1. Beyond a 27 Å Cα-Cα separation, which of these cross-linked pairs lie in this structure: LYS113/LYS164; LYS98/LYS164; LYS154/LYS186?
2. Kirkwood hydrodynamic radius for the range 68-128: how many Å is it when counted over pairs of different Cα atoms?
3. What accessible area, in Å² to the nearest ten, does a 1.4 Å probe give for ILE187?
4. Over all alpha-carbon pairs of the range 71-201, lay out the pair-distance distribution in 5 Å bins, whole %, shortest bin first.
5. Within a Cβ distance under 15 Å of ALA91, other residues only, what is the Lys/Arg minus Asp/Glu net charge?
6. Using every pair of alpha-carbon atoms in the range 127-201, split the distances into 10 Å bins beginning at 0 and state the percent of pairs per bin, rounded to integers.
Amino acid sequence: MRRTGSIAGVALAVVVGLAGCSSDKDSAADKKSSASGTPAADVEKSGDDAPASPSASAADQSTAEGAVAAWVTAVIKGQPKEACLVMAEPASGSTPAKVGSEETCADGAPQRKQLDKNLDGFRESFTPEPPTDDPQVEIDMTVGGDKAEIPADKIIIDGQSLDKIVLSHSTGLEAGQLDINVEADKIEDLWYVTNLDFNIG
C-alpha cells in the first residue's frame, strides 16, 4: 500500500500513526494522505554561519544530506520552527517553488499549526532508544543532481537506522513491510525537504 504526500501536509499524520499503532495496525495505513502545501521557510540565521547565499540558516543546506539530517534532528528535538525552516514545496507546472519565510514558520502561523499538530508523533517515531538530548544524525549515502530520495535505512540516528527505529515504536509491522523515503529538492542553491514517501504492506 503506497502513501505519498507533501512533507508539510497530512502525510505527516500517517507516519505519526505508525508510532501509535500498538492496538490498531490499520489505522495509519488506511488514512489517506493529501498534500496540503505547507511551505517551508526562508531560512533564519542562528548560531554558526551557513553557506553563503541570499538566505542562509544554521542548517547545512548546501547538500541534500545536510538538509535531511537537519530536518530529522529538529523533529527528534521537538523544534518545529527549525524543521519548518528546511521544508519547501517544489515548483509544479506554472506554480513556482514555495520556500517560506520567518512569517510562515512563526508561532501561530497556519503552516506551523499543521506541523505542530504532527510533530510529537514524529518525534516519538523517530527517536531511538535510549534517547539523547543531542541526537547525531548522519546520511549514509551521497546524493547527486538536484533531486534526492533518501531511504530510511540510510538515515542513521545515534548509530541506528530510521526504518528500524520507526518499526521499534510500532506493532503489527515487520521488517520489510515499511518503506520510508525522505525526498529533497535543490531550490535556488539550497536544499529543502519536500516530500515523505512510504509504502506499507
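1. LYS113/LYS164; LYS98/LYS164
2. About 12.1 Å, per the Kirkwood formula over Cα pairs.
3. 20 Å²
4. 2, 10, 18, 22, 20, 16, 8, 3, 1, 0
5. Result for the neighbourhood of ALA91: -3.
6. 18, 45, 31, 6, 0
The values are calculated or read from the model by the stated rules, or taken from the named source; none is laboratory data. Keep in mind it's a predicted model, so treat the numbers as computed, not measured. Cβ: placed from backbone, ideal geometry, glycine included. Neighbour counts: every protein chain shown. Side chains are part of the model used for accessible areas, which takes the heavy atoms of the whole protein and leaves out ligands, DNA and RNA. Shrake-Rupley method; radii C 1.70, N 1.55, O 1.52, S 1.80 Å.
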